[in-house]
Amino acid sequence: MYTMKNKVQLIGHLGNAPEVKATTSGKKMARFSVATNESYKNTKGEKVTETQWHTLVAWGKLADVAGKYLEKGREVVVEGKLVNRQYEDKNGQKKYVTEIQVQELLMLSGGHRSVIE
């Protein structure tokens with residue numbers, strides 16, 4: 001039987017430089033955003049471009065690479081999985097977050113292409 005997988009692939013540009021932090025156990029984590037664009041013609045025949053922003057999280061070696069080589073505007077291909085989590089903010093309100101946990105990263109712009117897993 002075919003196994004369904006939680007898999008996401010995006011090609012886009014970084015909206016900001018990755019923010020790299022270490023957890024209390026010392027594991028590195030990088031958080032950054034990627035913008036993807038989709039264009040279409042509306043009912044009047046005008047070209048419309050919609051931008052979607054995606055929050056990405058990379059761990060370990062990928063976090064190190066992201067922090068070292070990625071900067072705002074860089075074009076990347078990412079592959080990962082959707083992760084949903086919830087937390088309470090400082091006011092006790094429940095917050096829900098959907099992020100992409102990066103498993104592979106391909107840097108397209110900036111001189112050369114590199115695949116990092």
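Derivation of every value follows stated rules applied to the coordinates shown; laboratory data play no part. These figures come from a predicted structure and were not determined experimentally. Note that we place each Cβ from the backbone using ideal geometry, even for glycine, and neighbour counts take in every protein chain shown.
Show me the strands (runs of 3 or more DSSP E) found entirely inside segment 28-117 where at least 2 residues are surrounded by fewer than 16 Cβ atoms within 10 Å (Cβ to Cβ) and touching a Ser or Thr at 6+ places or on another chain (Cβ under 9 Å).
Values: elements: 28-41, 47-59, 75-88, 94-107, 114-116.
The qualifying strands (runs of 3 or more DSSP E) are 28-41, 47-59, 75-88, 94-107.
Considering E99, E50, E46, E19, which residue is of a type outside the set (G, A, S) and free of Cβ contacts under 8 Å to residues at least 12 places away in the same chain? So that I can check it myself, show each step before the final result.
Details: E99 fails: free of Cβ contacts under 8 Å to residues at least 12 places away in the same chain; E50 fails: free of Cβ contacts under 8 Å to residues at least 12 places away in the same chain; E19 fails: free of Cβ contacts under 8 Å to residues at least 12 places away in the same chain.
Selected residue: E46, the only one of E99, E50, E46, E19 that is of a type outside the set (G, A, S) and free of Cβ contacts under 8 Å to residues at least 12 places away in the same chain.
If only residues of segment 73-108 that are closer than 23 Å to G60 by Cα and among the hydroxyl-bearing types (S, T, Y) are counted, the one that is farthest from the chain's Cα centre (by Cα) is Y87.
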